[in-house]
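The values are calculated or read from the model by the stated rules, or taken from the named source; none is laboratory data. Here the structure is a predicted model, which is why all the values come from computation and not from measurement. Here the Cβ positions follow ideal geometry from the backbone for every residue, glycine too, while neighbour counts run over all protein chains shown. When the accessible area is computed, the model is the full protein with side chains, heavy atoms only, and any ligands, DNA or RNA have been set aside. Shrake-Rupley method; radii C 1.70, N 1.55, O 1.52, S 1.80 Å.
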Amino acid sequence: VLVSKAFKRFDDLGSEDSPQENGIQTSQYSAISPPASPVAQDEPFSTYFEEKVPIPESVFSFRKLWAFTGPGFLMSIAYLDPGNIESDLQSGAKAGFKLLWVLLGATIIGLLLQRLAARLGVVTGMHLAEVCNRQYPTVPRIILWLMVELAIIGSDMQEVIGCAIALNLLSVGRIPLWAGVLITITDTFVFLFLDKYGLRKLEAFFGFLITVMAISFGYEYVLVKPDQGELLKGMFVPYCEGCGPLQLEQAVGIVGAVIMPHNIYLHSALVKSRDVDRKNKKEVKEANKYFFIESAVALFVSFLINVFVVAVFAQAFYNKTNMEVVSFLCHPLSKPPECKYMFSNPPVCVQGVVLGCFFGPAALYIWAIGILAAGQSSTMTGTYSGQFVMEGFLNLRWSRFARVLLTRSIAITPTLLVAIFQDVQHLTGMNDFLNVLQSMQLPFALIPILTFTSLTSIMNDFANGLVWKISGSIVILVVCAINMYFVVVYVTSLNSVLLYVLSALLSVAYLCFVGYLAWHCLVALGVSCLDFGSRVSNRPAVFIEEQSEYDS
């Protein structure tokens with residue numbers, strides 16, 4: 001009976017014209033809210049979107065752009081987290097200015113992917129996790145959720161460790177790493193509830209943290225005075241003279257650090273905070289345009305900050321060995337008193353803190369302040385990502401505090417254990433492993449976002465055109481191939497037969513699931529010969545909606 005009822009409504013679509021409102025075809029997906037819980041709620045559901053920012057009625061203006069400003073800058077934090085800073089300084093120290101063009105290209109690719117994420121949120125009123133919950137069957141949906149959670153945990157470990165190291169440096173070692181982790185957990189809880197006092201106040205706080213990073217790393221840039229000619233050449237000439245496997249691995253690491261899987265889910269959710277009438281095609285189109293402009297500005301700012309870091313370490317440490325740096329620091333006349341504690345561990349010196357001995361103690365503390373701002377802001381956005389992903393995939397309707405507590409606990413517990421039982425040297429050495437972990441999760445964000453933004457049953461008139469389908473497919477293939485190379489290089493460097501066998505077994509399961517997502521994506525892109533039982537074909541949205549109700 002249920003199936004026949006569904007097909008009856010499906011057939012009715014052919015005999016009745018779909019309603020039109022202001023030029024856009026209305027469907028279940030054109031103005032849909034997150035799926036309601038079947039169980040009655042005793043407690044009101046509190047989310048980041050309790051307050052909607054109103055959009056002024058006017059033609060293009062900076063006042064209207066200001067109303068849309070916020071989500072893109074929160075999203076850009078992921079391009080400035082401690083993992084990116086670590087990748088930047090390693091790139092400068094190992095390849096000089098020669099890989100700046102890779103950073104520029106990765107940022108542009110990131111902008112194109114963020115555009116897809118923002119469009120999904122604006123057009124459907126749902127973020128990516130919610131759409132995945134409706135479109136994928138139960139088992140693949142749970143596997144996808146677990147993979148995204150792994151990416152969030154890996155990113156969060158980098159961010160919290162960055163904060164803990166910054167606090168350790170600012171206190172001249174008086175605050176141990178485990179205490180720095182606990183402090184980060186506490187202040188993250190406090191800052192996350194700033195949106196209770198107004199969404200714009202929270203966005204302003206993130207803007208303040210980005211400004212702190214720009215001033216801190218910009219100060220280092222002015223202090224070191226990099227060669228501007230070499231900088232421009234490295235940024236716009238896609239060539240790496242004299243580069244070898246070390247520089248190639250670093251180039252791959254830059255792409256892996258810049259394009260973050262959980263950031264796609266985050267951005268598709270953040271754009272829901274603007275008061276846009278999704279039944280009005282003109283408003284939806286306008287919102288897409290403004291969000292793209294805002295994202296471009298935000299990522300341009302993040303790109304400049306990343307360039308500051310790369311340039312500082314390229315100018316100061318390129319073509320210098322660790323022994324040369326350490327011998328300089330060990331010279332009694334060259335080391336200020338403030339560096340006595342800081343440089344008792346040479347591997348830490350080479351990773352940023354050595355600036356204090358080369359350019360004065362102020363450079364050391366200003367660098368630590370910048371790292372603290374990067375870690376704190378990215379930890380907060382990582383927590384938001386965890387909330388959106390968990391709510392979307394699992395359809396949770398818990399209290400706000402319970403959701404924040406669960407999300408934080410999942411991400412923080414492994415970080416705290418590592419901080420208690422390891423030292424700074426081992427923590428900073430985990431960066432490569434965490435980048436590999438996140439690289440492996442990229443297909444679980446990029447493939448779904450291309451899939452769903454290509455479906456007219458979901459996006460209506462705003463579905464990807466042929467150019468975007470082709471270019472999006474090429475970009476995703478290139479990014480995934482680059483990151484898989486990074487994973488293979490990392491695994492082969494482990495030199496363990498047991499790990500090789502384990503990696504091979506996991507790779508088979510991993511590739512099977514990626515193939516399953518790719519199959520759905522190809523169907524959405526129009527490869528109709530593969531459409532045998534796919535849940536994501538371009539059928540009318542009403543039928544898809546009813547199907548999901550029957551499945552549940």
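Can we say VAL160 is more than 28 Å from LEU299 (Cβ to Cβ), touching a Ser or Thr at 6+ places or on another chain (Cβ under 8 Å) and surrounded by 15 or more Cβ atoms within 10 Å (Cβ to Cβ)? No, not satisfied. Pairing residues of the range 151-163 that are within 10 Å of GLY375 (Cα to Cα) and assigned to a helix (DSSP H, G or I) with residues that are open to solvent by 10 Å² or more (accessible area, probe 1.4 Å) and acidic (Asp, Glu), at Cβ distances under 9 Å and at least 6 apart in sequence or on separate chains, gives GLN158/GLU86; GLY162/GLU86; CYS163/ASP187. Restrict the check to the range 372-392 and report whether at least one residue is of a type outside the set (Ser, Thr, Tyr), open to solvent by 20 Å² or more (accessible area, probe 1.4 Å), at pLDDT 85 or above and within 21 Å of VAL258 (Cα to Cα). Checking the range 372-392: at least one residue is of a type outside the set (Ser, Thr, Tyr), open to solvent by 20 Å² or more (accessible area, probe 1.4 Å), at pLDDT 85 or above and within 21 Å of VAL258 (Cα to Cα).
The set of residues in the range 449-495 being under 17 Å from GLU249 (Cβ atoms) and in contact with a Cys (Cβ under 8 Å, 6 or more places away or on another chain) is empty. Got a number for residues in the range 68-86 being open to solvent by 10 Å² or more (accessible area, probe 1.4 Å) and of a type outside the set (Phe, Trp, Tyr)? So the answer is 3. Of all residues in the range 81-113, those satisfying the criterion of being modelled with pLDDT under 90, under 26 Å from ILE153 (Cα atoms) and of a type outside the set (Ser, Thr, Tyr) are ASP81, PRO82, GLY83, ASN84, ILE85, GLU86, ASP88, LEU89, GLN90. Scanning the range 252-278 for residues that are closer than 18 Å to THR69 by Cβ, β-branched (Val, Ile, Thr) and open to solvent by 10 Å² or more (accessible area, probe 1.4 Å) yields one hit, VAL276.
For the range 453-466: of the residues being without any contact (Cβ under 8 Å) to a residue 24 or more places away in the chain and under 20 Å from VAL284 (Cβ atoms), which is least open to solvent (accessible area, probe 1.4 Å)? Step through it out loud before you land on a result.
Initially, the range 453-466 is screened for residues without any contact (Cβ under 8 Å) to a residue 24 or more places away in the chain, giving 463, 465-466.
Next, from what is left, pick out any that are under 20 Å from VAL284 (Cβ atoms): 463, 465.
Numbers: ALA463: 22, GLY465: 37 Å².
The qualifying residue least open to solvent (accessible area, probe 1.4 Å) is ALA463.
If I filter the range 231-246 down to residues being in a helix (DSSP H, G or I) and either open to solvent by less than 30 Å² (accessible area, probe 1.4 Å) or in contact with a Pro (Cβ under 9 Å, 6 or more places away or on another chain) (or both), which single residue comes out as nearest to TRP66 (Cα to Cα)? Looking at residues that are in a helix (DSSP H, G or I) and either open to solvent by less than 30 Å² (accessible area, probe 1.4 Å) or in contact with a Pro (Cβ under 9 Å, 6 or more places away or on another chain) (or both), I get MET235.
In the range 240-265, the residues that are under 18 Å from GLN158 (Cβ atoms) and touching a residue at least 12 places away in the same chain (Cβ under 8 Å) form Cβ pairs under 6 Å with partners that are in a loop (DSSP other than H, G, I, E, B) and of a type outside the set (Gly, Ala, Ser), at six or more places apart or across chains, as follows: PRO261/LEU442. Residues considered: VAL297, VAL325, VAL348, VAL301. Of these, the only one that is of a type in the set (Val, Ile, Thr), open to solvent by 10 Å² or more (accessible area, probe 1.4 Å), modelled with pLDDT under 90 and part of a helix (DSSP H, G or I) is VAL348. The single condition among (1) of a type in the set (D, E, K, R); (2) touching a residue at least 12 places away in the same chain (Cβ under 8 Å); (3) touching a Leu at 6+ places or on another chain (Cβ under 7 Å) that ASP187 does not meet is (3). One residue stands out in the range 481-537 among those that are among the aromatic types (Phe, Trp, Tyr) and open to solvent by less than 40 Å² (accessible area, probe 1.4 Å): the one that is nearest to the chain's Cα centre (by Cα), namely PHE486.
Of the residues SER37, SER58, SER27, only one is closer than 30 Å to ILE470 by Cβ, in a loop (DSSP other than H, G, I, E, B) and at pLDDT below 90; which?
Values: SER37 fails: closer than 30 Å to ILE470 by Cβ; SER58 fails: closer than 30 Å to ILE470 by Cβ.
Exactly one of SER37, SER58, SER27 is closer than 30 Å to ILE470 by Cβ, in a loop (DSSP other than H, G, I, E, B) and at pLDDT below 90, namely SER27.
Only one of these is hydrophobic (A, V, I, L, M, F, W, C), farther than 23 Å from SER439 by Cα and surrounded by fewer than 23 Cβ atoms within 10 Å (Cβ to Cβ): LEU194, LEU111, LEU146, LEU169. Name it. Just one listed residue meets the conditions, LEU194.
What are the residues in the range 204-230 that are part of a helix (DSSP H, G or I) and farther than 20 Å from TYR79 by Cα, if any? Please lay out each step first, then the result.
Residues of the range 204-230 that are part of a helix (DSSP H, G or I), as a first pass: 204-224, 228-230.
Scanning the range 204-230 gives VAL222, LEU223, VAL224, GLN228, GLY229, GLU230.
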